[in-house]
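Visitor: Pasting in a structure now, in C-alpha cells, and then I'll have a few things to ask.
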Amino acid sequence: MTVETRSAPQRVGGRGAGRIRPTTVLLAVAGALVVLAAVRTLTGADDLTSNGAIRAAIQAAVPIGLAGLGGLFAERAGVVNIGLEGQLILGTWFGAYAGVHWGPWAGIVAAVVGGALGGLLHAVATVTFGVDHIVSGVAITILAGGTTRYLSSLTFVHMDGGGVNQSPPVGELPRLGVPGIDSLAGLERRG
C-alpha cells in the first residue's frame, strides 16, 4: 500500500503578486511627463500643456471615469451593464431640462434621477423579466439616444440657443475652491 501526498499548489510571484507598486506608478507618470515635454518641445505646440487643454482633458475624463465606476459596481453586483452610455444620455437630458427651467442645482438633481431611472429600467428588465443583460443594455442605449433627441426637438428647438443637439444655456454654478490649490492658481494667474 502506497500513500501519495500532494503538496499545496505554490503561488507564483510570492507575496503581493499582481499588485502595482507605487514606484511603478510614479515611474509611469514621470515617463508620461517626459514624453509630453518632448512632444511639446519638438512640435512647438506650447498650448499642449496649457490650462485650457488640461481643463478640457479633465472635463472629458470625468464622465468616462464615472461610467467606468458605475460599470465596476454593476459587475460586482453580478449585473453586466453595457447600457451606461444610455444612462449618461438620460441623465444629461434630464439635467439640461431641469437646469433650463429651474436652475443649475435642480439640473444636477434631475441628472442623477434621470441616470438612476435608466439604471432602474435595466434592473427591472434583467432581474424581474429575465431579459439578457447585453440585450437590455444595448436597447437602453439606443432608446435613450432616440428618445432624448425627440424630446429635445419638442422642448429645446423653440428656445433661444437651443436645438435638437443642445439645450439652451443654463446658469453657472458658483465656483468652489480647494484651500491650498486656489493659492497656486492665483499665483499662476498673476505671473
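The values are calculated or read from the model by the stated rules, or taken from the named source; none is laboratory data. Since the structure is predicted, the reported quantities are computational estimates derived from the model, not experimental observations. Note: ideal-geometry Cβ built from the backbone for every residue, glycine included; neighbour counts use all protein chains shown. When the accessible area is computed, the model is the full protein with side chains, heavy atoms only, and any ligands, DNA or RNA have been set aside. Shrake-Rupley method; radii C 1.70, N 1.55, O 1.52, S 1.80 Å.
Visitor: Starting from the Cα of residue 20, step 7 Å along the direction of its Cβ; do the same at residue 32; then give the gap between the two resulting points in nm.
Guide: Going from the residue 20 label point to the residue 32 one covers 0.8 nm.
Visitor: For residue 101, tell me the accessible area in Å² from a 1.4 Å probe, rounded to the nearest 10.
Guide: 80
Visitor: May I pose another question? So what is the relative contact order for region 96-165, in percent, with contacts set as C-alpha pairs under 8 Å and at least six apart?
Guide: 15
Visitor: Mind checking region 41-142 for chymotrypsin sites (Phe, Trp or Tyr not before Pro) that DSSP puts in a loop (not H, G, I, E or B) and that have at most 11 other Cβ atoms within 10 Å?
Guide: Listed in order of number, the matching sites are 129.
Visitor: Counting only C-alpha contacts under 8 Å and six or more residues apart, can you give the relative contact order of the chain as a whole percent?
Guide: The value is 16 percent.
Visitor: If you don't mind, another one. Taking the C-alpha atoms of region 113-189, how large are the radius of gyration and the largest Cα-Cα span, Dmax, in Å?
Guide: Radius of gyration, then largest Cα-Cα span, for region 113-189: 19.9, 58 Å.
Visitor: Pick from 55, 40, 149: which residue has the top mean-square fluctuation in a GNM of the chain where Cα pairs under 10 Å get a spring?
Guide: Evaluated over the chain, the most mobile residue of the options is 40.
Visitor: Using the beta-carbon distance between residue 54 and residue 105 and R0 = 25 Å, what value does 1/(1 + (r/R0)^6) give for FRET efficiency, to the nearest 0.05?
Guide: About 0.40, to the nearest 0.05.
Visitor: Under the Karplus relation 6.51 cos²θ - 1.76 cosθ + 1.60, θ = phi - 60°, what is the ordered set of whole-Hz ³J(HN,Hα) values for region 107-115, x standing for Gly and Pro?
Guide: My calculation for region 107-115 gives x, 5, 5, 5, 5, 5, 5, x, x Hz in order.
Visitor: Diagonalise the Cα gyration tensor of the chain and give the resulting equivalent ellipsoid semi-axes, square root of 5 times each eigenvalue, largest first, whole Å.
Guide: The answer is 40, 34, 15 Å, longest axis first.
Visitor: Accessible area of residue 154, 1.4 Å probe, to the nearest 10 Å²?
Guide: Counting only protein heavy atoms, the figure is 90 Å².
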